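A quick write-up on the structure given underneath.
The values are calculated or read from the model by the stated rules, or taken from the named source; none is laboratory data. Remember, it's a predicted structure, so these values are computed and weren't measured experimentally. Here the Cβ positions follow ideal geometry from the backbone for every residue, glycine too, while neighbour counts run over all protein chains shown. All accessible areas refer to the heavy atoms of the entire protein, side chains included, with ligands and DNA or RNA removed. Shrake-Rupley method; radii C 1.70, N 1.55, O 1.52, S 1.80 Å.
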Amino acid sequence: MSAAISDRAQSVFPGGDTRASAHYEPYPLVMQTASGCVLTDLDGHRLLDFMNNFTSLLHGHAYAPVVAAVQAQVARGTAYAAPSIAQIELGELLIERLPSVQRLRFTSSGTEATQMAIRCARAATGRQKIMKMEGGYHGSYELAEVSLVADAARRGELASPVSLPVDKSFPDSVLRDTVICPYNQPALAKALIERHAHELAAVIVEPVLGSLGMVPAQSEFLRVLREATARQDIVLIFDEVITLRLGLGGAQGLHRIAPDLTCMGKIIGGGLPVGAVGGQQALMDLFSPTQPNPVMHASTFSGNALSMAAGLAAMQAWDADILARMNDLGQRLRDGFDQAFQQAGIRGRALGQGSLCNIHFTDAAVNDARDAIDGMQRAGLAVRLLHLSMLRRGVMSASRLMFCVSSVMSEEHVDHAVTALHESLTELRPFIEQERPALLVRA
Ligand code: PMP
């Protein structure tokens, strides 16, 4: 039935889909229902959900406390355009868990959170340019995507990467306003920050390069960014839209590094649309309506009652024990995947941290966007075939082979995914021998 529905969708959506990241060929499975860690499609296929809506579901689907909170709230209204207690309670919870966040604002998405952080930084510094990482992704607008796909032919020297558009919609002005920094290269980052200090409002960085394959940042890299930006009064923004799930205090808590501003999203909405930007009081006060000329932040669904109720229920149910279990399961998944590649004699490994994981078709180190992109290009069709092969074995990941674990998963679920990878690699071997022999480990 998914094929038929996808045909029908062709006459509604361009290419039959309404979201680029969730699309895959030949057609995406159409879901009927979801509960816990199981998705059920229209044909009754049951899939273990290792996608969790791109890491936004901490507790899987239809988690009882979230359902109860949303049901109770929906009868009391969904969006008031007025303050509510749930907004304040969720805000207080985040401020308590993240010492670098003294004040925050809710937004409707992670996209809007990073936009607002950038506007805050420009207002605070009077400077224009933003430094972002090669391969970094901060939302669905041009500046947030510059050099996301740093292809080898155009990306320039590692020491000063070229600002590359992702598509033909990019204005030149955005490319000019963006300074691209290589990931996990402390010395190069320091030099770039010093060279551009007079024009940089902010440096924005994900503590794990998420969209580009869950490449964790080295602490040393983040520390150098912190020191170099502090010396030059440049605002350091951590985009923790994905990495907040790595620790109760986010990745910044694990690295013990305090950014000036933090962007959040995904998990803090309990499965509903959400975002937040928070940080030092002096910076965040630039948004205050009591200021003479505040940074403009209006957003119809910001802080809406449903997202706040769901987010509060999800975050309150997430404690140190559950976090530790999720991180252990994430490690078990990565270890199992690594072993599957070794046994299959195919170059491949799982990257990631905590409950996050991404398969790469390489056995070399993957430290930055270039390593990741080059690996993906060498693997070619193997990435898509592996995704489909896992899907046929009841394991749902992102089509770029991103996986994440939710709190309602058990070791059995993780082991099922590992077995599925063993079987999928066996299935893929003839294709790899024929089309991508460089991926084979030779005895
Ligand atoms: N920042 C990061 C690191 C993200 O991964 C994403 C989305 N995947 C965003 C920002 C944008 O969030 P949203 O899709 O909620 O706008």
| request: Considering Cα pairs under 8 angstrom that are at least six residues apart, work out the relative contact order of the range 27-126 and quote it in whole percent. | output: 13
| Antiparallel DSSP beta bridges within the chain, percent to nearest 5 | 65
| Accessible area of M376 in the full protein assembly, 1.4 Å probe (Å², nearest 10) | 60
| Under a point spin-label approximation (7 Å from Cα along Cα-to-Cβ), what is the S299-I95 distance to one decimal in nm? | 1.8
| said: Could you tell me how far the Cα centroid of the range 366-443 sits from the Cα centroid of the range 15-84, in Å? | reply: 24
| said: I want to verify a result. In a Gaussian network model of the chain, Cα cutoff 10 Å, which of these has the top mean-square fluctuation: A159, A310, A201? | reply: A159
| What ³J(HN,Hα) values, in whole Hz, does the Karplus curve 6.51 cos²θ - 1.76 cosθ + 1.60 give for the range 40-54 when θ = phi - 60°, with x put for Gly and Pro? | 10, 8, 5, 8, x, 5, 9, 10, 6, 8, 9, 9, 6, 6, 6
| message | Let me check the size of the chain from its C-alpha atoms; what are the radius of gyration and Dmax in Å? | response | 21.6, 71
| Under the Debye formula (equal points on every Cα, no solvent term), log10 I(q)/I(0) of the range 21-88 at q = 0.24 Å⁻¹ | -1.08
| At a 1.4 Å probe, what is the % contribution of carbon and sulfur to the accessible area of the chain? | 52
| field | Estimated FRET transfer efficiency when R0 is 25 angstrom, pair F431-H45 (beta carbons, to 0.05) | value | 0.60
| Additional length obtainable on full extension of the chain from Q281 to R76, 0.36 nm per residue less Cα span | 70.6 nm
| request: Using only Cα atoms, locate the centre of the range 99-150 and the centre of the range 282-351, then give the distance between them in Å, rounded to an integer. | output: 16
| remark: Dividing the mean separation of Cα pairs under 8 Å (6+ apart) by the residue count of the range 344-390 yields a relative contact order in percent of 25
| In sequence order, calculated HN-Hα J values of the range 70-84 (Karplus, 6.51, -1.76, 1.60; Hz; x Gly/Pro) | 5, 4, 5, 6, 4, 6, 9, x, 10, 7, 9, 6, 6, x, 9
| Protein-only accessible surface order, largest first, of Y80, Y183, Y63 at 1.4 Å | Y80, Y63, Y183
| Which of G352, G275, G36 moves the most in a Gaussian network model of the chain with Cα springs under 10 Å? | G36
| note | Within the set R97, R195, R226, GNM on the chain using Cα springs under 10 Å gives the largest fluctuation to R195
| query | Which whole-number percent gives the relative contact order of the chain, counting Cα pairs below 8 Å spaced six or more residues apart? | reply | 20
| task | Describe numerically, in nm with one decimal, the distance between label points set 7 Å from Cα along Cα→Cβ at A152 and at D374. | result | 0.7
| request: Taking 7 Å along the Cα-to-C-beta vector as the label spot, tell me the L440-I85 distance in nanometres, rounded to one decimal. | output: 6.7
| request: Figure the gain on full extension for A191 and A62 (residue separation times 0.36 nm, minus the Cα-Cα span) and round it to one decimal in nm. | output: 41.6 nm
| FRET efficiency, M31 to A159 (Cβ-Cβ, R0 30 Å, nearest 0.05) | 0.10
| task | Taking the convex hull of the Cα atoms, report for the range 64-316 its projected area averaged over all directions, in nm². | result | 13.5
